[in-house]
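Q: Can you keep this structure in mind? I'll have questions shortly.
The values are calculated or read from the model by the stated rules, or taken from the named source; none is laboratory data. Being a predicted model, the structure only gives us computed values, none of them experimental. Cβ atoms come from the backbone with ideal geometry, glycine included; neighbour counts cover every protein chain shown. Just so you know, the surface numbers come from the protein's heavy atoms only, side chains and all, with ligands and any DNA or RNA stripped out. Shrake-Rupley method; radii C 1.70, N 1.55, O 1.52, S 1.80 Å.
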Amino acid sequence: ETGVTQTPRHLVMGMTNKKSLKCEQHLGHNAMYWYKQSAKKPLELMFVYSLEERVENNSVPSRFSPECPNSSHLFLHLHTLQPEDSALYLCASSQRVNTEAFFGQGTRLTVV
Amino acid sequence: SQQGEEDPQALSIQEGENATMNCSYKTSINNLQWYRQNSGRGLVHLILIRSNEREKHSGRLRVTLDTSKKSSSLLITASRAADTASYFCATDPTGGGNKLTFGTGTQLKVEL
């Protein structure tokens, strides 16, 4: 248990669906991240939030839309995804950007 | 392009042996971090070494950093079956903005 909780753990969605991934941390951290992990590829940084402001948007397609309503919660809204978007989506938080990161267990997303 | 690259990609050893993994990176860094990931789960932070440090220990883990060669190594001594996992290095590049960049990882298998 790292203190970072992601829901749901597994998600299967069709290409026309809209769904959201949720991440929650009560560690008092100021930075939160979304990463995408696909097989045989390095972890891809998608978004970084620092003090609820988006500070990094790593050329992610607009079908992925992040939201950080407060310092404890981070969402990733998904719509009209493609099968190649199937992956493990990991949320993380850290005290400050680029310091020791605490990861959630991930959401295994399958797009059919 | 990715910043950190781990070597070897896969390593299989017997319980009780030592395991050494290497990480090479391309640009100057503020710190380098090692993480561990059990299959399909989130990453767990193991150790952080700053650019002005050369060696750091944590239990059975020993990390070295050679900034002149832009490389780091992770040594796990007296390995156990429970050490079976993927190990990643991540770098915080100087002037690199808000990106903690991961490599593709080393898959370690410790056999009984």
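Q: Has segment B:26-37 got at least one residue that is of a type outside the set (A, V, I, L, M), assigned to a strand (DSSP E or B) and open to solvent by 40 Å² or more (accessible area, probe 1.4 Å)?
A: Scanning segment B:26-37 turns up at least one residue that is of a type outside the set (A, V, I, L, M), assigned to a strand (DSSP E or B) and open to solvent by 40 Å² or more (accessible area, probe 1.4 Å).
Q: For segment A:1-19, give me the residue count where each residue is in a strand (DSSP E or B), under 13 Å from residue A:105 (Cα atoms) and basic (Lys, Arg).
A: Total meeting the criteria: 0.
Q: Another question, if that's okay. Among the residues of segment B:65-85, is any of a type outside the set (Phe, Trp, Tyr), within 14 Å of chain A (Cβ to nearest Cβ), assigned to a strand (DSSP E or B) and closer than 20 Å to residue A:43 by Cβ?
A: Looking through segment B:65-85, at least one residue is of a type outside the set (Phe, Trp, Tyr), within 14 Å of chain A (Cβ to nearest Cβ), assigned to a strand (DSSP E or B) and closer than 20 Å to residue A:43 by Cβ.
Q: Return yes or no: is residue A:107 closer than 24 Å to residue B:48 by Cα, crowded, with 17+ Cβ neighbours inside 10 Å and either among the aliphatic types (A, V, I, L, M) or touching a residue at least 60 places away in the same chain (Cβ under 8 Å) (or both)?
A: When the stated conditions are applied, residue A:107 does not pass them.
Q: Quick one: would you say residue B:15 is of a type outside the set (Phe, Trp, Tyr), exposed (fewer than 13 other Cβ atoms within 10 Å of the Cβ) and touching a helix residue (DSSP H, G or I) at 6+ places or on another chain (Cβ under 8 Å)?
A: Taking the combined requirement at face value, the residue does not satisfy it.
Q: Give the residues of segment A:25-43 that are polar (S, T, N, Q) and either facing chain B (nearest Cβ under 10 Å) or in a loop (DSSP other than H, G, I, E, B) (or both), sorted by residue number.
A: Those that are polar (S, T, N, Q) and either facing chain B (nearest Cβ under 10 Å) or in a loop (DSSP other than H, G, I, E, B) (or both): A:30, A:37, A:38.
Q: Regarding residue A:28, is this residue of a type outside the set (Ser, Thr, Tyr), crowded, with 21+ Cβ neighbours inside 10 Å and on the phi > 0 side of the Ramachandran plot?
A: No: the conditions fail for residue A:28.
Q: Condition first: open to solvent by less than 60 Å² (accessible area, probe 1.4 Å) and assigned to a loop (DSSP other than H, G, I, E, B). Now tell me which residues in segment A:44-58 satisfy that.
A: A:58 - this is the single residue of segment A:44-58 that is open to solvent by less than 60 Å² (accessible area, probe 1.4 Å) and assigned to a loop (DSSP other than H, G, I, E, B).
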